[in-house]
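For reference, the structure discussed in these notes is given below.
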Amino acid sequence: MASRKILLRVLGAYYLTLPRRDADLLIAFTAVFIAFVSSRTWRILCFALHRLCSTPAILRNSSSPENGIHLFIKPLWANQSTKKYFRVLSSAIIGILCVITSFTVSGGFSSQISTRIGDEVLVSGQNCGVFNLQVKIINDAANYAHQCYSAADGGRVGCDRFKATCPFSSSICRDGSANLRINSGYRDSHTDLGLNAPSNQRVLWRNVIQCSPLKTKGFTSQRTTTAPNMTLYHYGSCETSDGRLDYIHDAGSVRSQYLSIFSNLSMECGSRIKDRIIEPDISDFMPIGPLSQTDADVYIFLLSGNGVVHEGPLSDDWYQISPIPSNVVVGAANASFVTKAFLPLEPASPLGCVDQYQFCSTEYYEGTSGCGPLASLRDAAVGAAPFFDTGHADFWGNIQSGEPKEGRAAWFMYFVSRFLIIPLDLAGTFGKMGSAALISQRTIKGSYQGPLVPNQWQLDISHVWNITMASRQAVFIDLLNVPKIQYWINFTTPTLQALCQNQKVRSAEYGPFSVFGFCFTFAVGSLAILVSYLLEPVSTFLYRQCGQNQYAHLEWITNATLQLQRLAHEEIGLGTCFSLNT
């Protein structure tokens, strides 16, 4: 992040970003300036009111509004039976109180010139593009999710998320109702992702996932080999270097996985949809009929025991831990021993998820909601493209070239490229982190799994989803300054460079100032100061040239402190101190 001054434009207003030390000095100077303006405004009020009151000396010589109030109260109390005096002085006191109140409040709110937009500052994107920072982004997001999101509430989105129906054919889900559905709700590109834009030029998006543990009966087969038998999982077919296979995963028997103790591992495969059909270039498998979707991406995650033992049974539908303990050999060959432990019921336990997105424009078109369909990531992006002045062919061409049209098309391409180029979804997170993404990993010590709850898989996937959401935020910041090597997409066009310079972040190291508030405060304050110093010279000029308000002018001059001292000295014969300056 650059340390120089930066102008940040928010909702049509400009903000000046300064380093925190300079910002604190500017806030202090502003408060002192307002206090000085208050004293000069008091002089203007005194000059305006002294002709209304019969005690101009009080107005002429009171050093502050507080002092003026004190001096006014004394004669007001002494002449409480004089209605005219009471009426005049009470009006003056009300005016003085208004001045005191207004400037006290102004001094207190002077800090709002800086703090009104909180700690949001603008990042200087000097080397903006798209580069494969997937591992860094996901790892940073995982740490953020661990520190900031509670495992119990899964990020506080959707209280009924654990009571979802099966996202696939009911014949393939283990449970028809106790599944997981998470809806992010509409997230704003400005307020949630920091892309600085007016309210009618923003992108709204949401992500909906729905997951369920899958049945294995009827979807597996055994392959006998000289090594331990393998269980094949027939949830689809996949293309390999050896040709197309009619299964997506094979796993050794449970017993073979506990010949030694190491760690458990999540395997993943995904089916991604483009134009409502499976896109072979970006999909790992072709799902079978009960899993097939045309409006969502489909992922299957397989969890194997791989040497991790449990100290008790677990009824969780994904972990599938046996209620009966088994004998397990622990330790090296020369120092091993047999212990009782609870093992998985199956070599691998599948979990299926559907993943959907929706993109909207905040500038709704007449007769539309401004939203594309809730669909797979690619179809959701293409479906929303017309709301951003682009189409199907142009959209994919712009994504690949990094040279979009101007205006809204460029804005949308910039936004969606962060979703499409770097996989930060459930599959991408599991693909980079493996089982480390699961909350259950926090309670593993060596090869022993600590206590888990019956809905552990729901908490695990909720946490992984939290990581994906944090990754979505991080990618917009991390790709502003990427290594100076070959990019996947290098944003060099003026339009995209302008977007790269409009990314907000939260930082305590900088202080943003409202340019309008700052200029307004100092312009009005400077005007008040100037007027306060010009009042007497202008009054003197009018008196000399036009003879205007002769008595009022002479009275104002005569009642100055030094003039009163001069009159007192001359009265007792101590000589003439100085002449009356009229």
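Mind giving me the FRET efficiency for LEU530 and GLU570? R0 is 30 Å, r the Cβ-Cβ distance, nearest 0.05 is fine. It comes out at approximately 0.30.
Annotation: peptides 181-194, 238-251, ranked by per-residue average of other Cβ atoms within 10 Å with the highest first, follow the order 181-194, 238-251. Backbone geometry of the range 509-523 corresponds, through the Karplus equation with coefficients 6.51, -1.76 and 1.60 at θ = phi - 60°, to 3J(HN,Hα) couplings of 7, 10, x, x, 10, 6, 5, 5, x, 5, 5, 5, 4, 7, 5 Hz, x marking Gly and Pro.
Extension gain, THR224 to SER315, is 29.8 nm, computed as 0.36 nm per intervening residue step minus the present C-alpha separation. Projecting label points 7 angstrom from Cα along Cα→Cβ for GLN550 and VAL453 puts them 9.2 nm apart. Computed packing ranks the peptides 498-504, 32-38, 322-328 as 498-504, 32-38, 322-328, most packed first, by mean other Cβ atoms within 10 Å. A simple spin-label model places pseudo-atoms 7 Å from Cα toward Cβ; at GLU279 and VAL515 they are separated by 3.9 nm.
Using the average count of surrounding beta-carbon atoms within 10 Å as a protection proxy, the listed peptides 293-305, 527-539 rank, highest first, as 293-305, 527-539.
Any read-out appearing in this document is the output of simple, stated calculations on the displayed coordinates, not a laboratory observation. In this text, all values refer to a predicted model and were calculated from it rather than measured experimentally. Here the Cβ is made from the backbone with ideal geometry for all residues, glycine too, and neighbour counts use every protein chain on show.
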